[in-house]
Amino acid sequence: MQLFNSVAGAIVAVAFWIFLSTSAIAGMRYEFRKRQIAMETVRAAIERGQPLEPAVVEKLLARDGGHESAGLQDFVPHLQMGGIITIATAVGVLIAAFLVGLQYPLAKLPLLAAGALAACIGAGLILAAGALGRQGSRRGSPDRMA
């Protein structure tokens, strides 16, 4: 039985894309609403005649929630953690491939491919973290003055 030739396969595919688009729209809506509330706060302060310091206005209207602008170095631990989690997931999928393959031999190869893909993604995340770490250490070294 071909899953994607059936009605059930079509329903799963449509449900996936609906979920994906709903998640994206919800994230955009959340950011829009957060920014709208910040604008209303600034507008209310101006209408009441309260003095506003430029730093406060900039913090309220900043796109990143008022945090200092994040450098690439801030992403290094997150990339490393994501890589470790993804590689651990790959190991789990590869183990599952062998265990499921005992009962269902046709499922073994696709599961091995999924595990290999996850391992490659995890390795890429860890390599990206290393590259960013080296780039940041070069920028901060005294022999590379701008």
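A short reminder: the numbers here are calculations on the coordinates, not readings from a lab. Just so it is clear, the structure is predicted and the values come from calculations on it, not from any experiment. Cβ placement follows ideal geometry from the backbone for every residue including glycine, while neighbour counts extend to all protein chains displayed.
Placing a label point 7 Å from the Cα of residue 116 along the Cα-to-Cβ direction, the residues of region 71-98 whose backbone N falls under 20 Å of that point are 86-98. A full extension of the chain between residue 41 and residue 28 corresponds to an added length of 2.7 nm, given 0.36 nm per residue minus the alpha carbon distance. Entry note, region 71-146: relative contact order of 44 percent, from Cα contacts under 8 Å with a spacing of 6+ residues. Dividing the alpha-carbon radius of gyration of region 71-146 by the rule-of-thumb value 2.2 N^0.38 Å gives 1.57.
Computed extension gain for residue 20 through residue 127, at 0.36 nm per residue and net of the alpha carbon distance, reaches 35.7 nm.
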